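Written below as structure tokens is the structure these notes are about.
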Amino acid sequence: MRRIVHISDLHFGREDPATVESLVKKISDLQPHLVVVSGDLTQRARSGQFRQARDFLDRLPAPQLIVPGNHDVPLYNVLDRFAQPLEKFKRFITADLSPMFADDEIAVAGVNTTRSLTVKGGRISRAGAAELRRKLDAIVGPQLKIVVTHHPFDTEEGLGRAPEAMAVFADCGADLFLSGHLHVSGVTSSTHQFKLEGGRSVLLVAAGTAVSVRERGEANSFNVLDFDPPFLKIETHRAGNDAAGFNYCSIQRFERVKNGWLPV
């Protein structure tokens, strides 16, 4: 069995300190095999905010797989935005913008979807898609293959070239897509929006904002994924009051079959 904690949209600079403490304790108690952070670690890509994010990450279990979000690109510093958009992210968080984690049960690959020309939206370059495909194609065992992006594949505010990228990744065996960006959690099937070859389906898992006060009608939340082949359990944990901390509010279960997933 493998346990993945999926957090997103930390927005340090607009974080709630009590929620930060609750989240650190909760994740430590869960003892995950991998912590995934799907972008927007800062509010405005300032050095102090990246230092806060770095201190937070250092308190979480390892290993960790982290991708940047659009808020990790400077907004008001135009020179940095176009000349070195992720310089601070690489300096404080990780220089690897195409991270990969693999063991004998899971293979998780991240891809950078941020772009200097857009404020909110994202895009997967053809080079980025080709690199990720090479990594997933190299996994020839029965591992659960997971793709991590900041921007979701299945919304209008999401990802440029999403249908093309989805087809490429699904063709090389991707089972699961983790994202953030919208501050709203959820689990959906690709069949609602994409027609994949052979009738294949993948799961699209979105995380809410983990510690930011910038909520969008949903309390701070994060996801826990337990993969015990062939079964996958996805829990969403949401924050209550300060004393209660995070508690799970929903559980969904799926079985991995030849062409995708069946609800259990």
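The values are calculated or read from the model by the stated rules, or taken from the named source; none is laboratory data. These figures come from a predicted structure and were not determined experimentally. FYI the Cβ positions are ideal-geometry reconstructions off the backbone, even for glycines, and counts take in every protein chain you see.
Quick one: in the range 205-225, of everything that is of a type outside the set (Val, Ile, Thr) and in contact with a helix residue (DSSP H, G or I) (Cβ under 8 Å, 6 or more places away or on another chain), which residue is farthest from Gly13 (Cα to Cα)?
Step by step, filter the range 205-225, then rank; the result is Phe222.
Determine, yes or no, whether Val202 is free of Cβ contacts under 8 Å to residues at least 60 places away in the same chain, of a type in the set (Val, Ile, Thr) and touching a helix residue (DSSP H, G or I) at 6+ places or on another chain (Cβ under 7 Å).
In short, yes.
Output the residues belonging to the range 214-243 that are farther than 24 Å from His71 by Cα, outside any strand (DSSP E or B) and either among the acidic types (Asp, Glu) or modelled with pLDDT under 95 (or both).
If the condition is that a residue be farther than 24 Å from His71 by Cα, outside any strand (DSSP E or B) and either among the acidic types (Asp, Glu) or modelled with pLDDT under 95 (or both), then Gly240, Asn241, Asp242, Ala243 are the ones that fit.
Can you name the condition, by its number, that Asp175 falls short on among (1) free of Cβ contacts under 8 Å to residues at least 24 places away in the same chain; (2) of a type outside the set (Gly, Ala, Ser); (3) under 20 Å from Pro32 (Cα atoms)?
That leaves (1) as the condition not met.
Would you be able to say whether some residue in the range 117-125 is basic (Lys, Arg), at pLDDT 90 or above and over 15 Å from the mean Cα position of the chain (by Cα)?
Looking for residues that are basic (Lys, Arg), at pLDDT 90 or above and over 15 Å from the mean Cα position of the chain (by Cα), one finds none in the range 117-125, hence no.
What number of residues within the range 193-207 satisfy the criterion of being under 20 Å from the mean Cα position of the chain (by Cα) and surrounded by fewer than 16 Cβ atoms within 10 Å (Cβ to Cβ)?
Of the residues in the range 193-207, 1 are under 20 Å from the mean Cα position of the chain (by Cα) and surrounded by fewer than 16 Cβ atoms within 10 Å (Cβ to Cβ).
Spot the failing condition for Leu57; the list is (1) under 20 Å from Thr149 (Cβ atoms); (2) of a type in the set (A, V, I, L, M); (3) surrounded by 21 or more Cβ atoms within 10 Å (Cβ to Cβ), and only one is missed.
If we test Leu57 against (1) under 20 Å from Thr149 (Cβ atoms); (2) of a type in the set (A, V, I, L, M); (3) surrounded by 21 or more Cβ atoms within 10 Å (Cβ to Cβ), just (3) comes out false.
Do we have any residue at all in the range 136-156 that's crowded, with 20+ Cβ neighbours inside 10 Å, modelled with pLDDT of 90 or more and in a helix (DSSP H, G or I)?
yes
Would you check if Leu178 is in contact with a helix residue (DSSP H, G or I) (Cβ under 9 Å, 6 or more places away or on another chain) and in a strand (DSSP E or B)?
Answer is no for this residue.
Just to be sure before I move on: is Val224 under 27 Å from Arg161 (Cα atoms), buried (at least 18 other Cβ atoms within 10 Å of the Cβ) and touching a strand residue (DSSP E or B) at 6+ places or on another chain (Cβ under 7 Å) in the structure I sent?
Answer is no for this residue.
I need the full set of residues from the range 1-42 which are free of Cβ contacts under 8 Å to residues at least 60 places away in the same chain, of a type outside the set (Val, Ile, Thr) and surrounded by fewer than 21 Cβ atoms within 10 Å (Cβ to Cβ), in order please.
Listed by number, the residues that qualify are Gly13, Pro17, Glu21, Ser28, Asp29, Gln31.
Among the numbered conditions (1) closer than 19 Å to His183 by Cα; (2) outside any loop (DSSP other than H, G, I, E, B); (3) modelled with pLDDT of 95 or more, tell me where Ser28 comes up short.
(1)
Filter the range 31-54 down to residues that are outside any loop (DSSP other than H, G, I, E, B), within 19 Å of the chain's Cα centre (by Cα) and polar (S, T, N, Q) and give me whichever is nearest to Lys145 (Cα to Cα). Full working, then the answer.
The initial filter retains those residues of the range 31-54 that are outside any loop (DSSP other than H, G, I, E, B), namely 34-38, 42, 47-54.
After this cut, where a residue has to be within 19 Å of the chain's Cα centre (by Cα) as well, the list is 34-38, 42, 50, 53-54.
If we keep only those that are polar (S, T, N, Q) too, we end up with 38, 42.
Numbers: Ser38: 16, Thr42: 28 Å.
Checked the range 31-54; the qualifying residue nearest to Lys145 (Cα to Cα) is Ser38.
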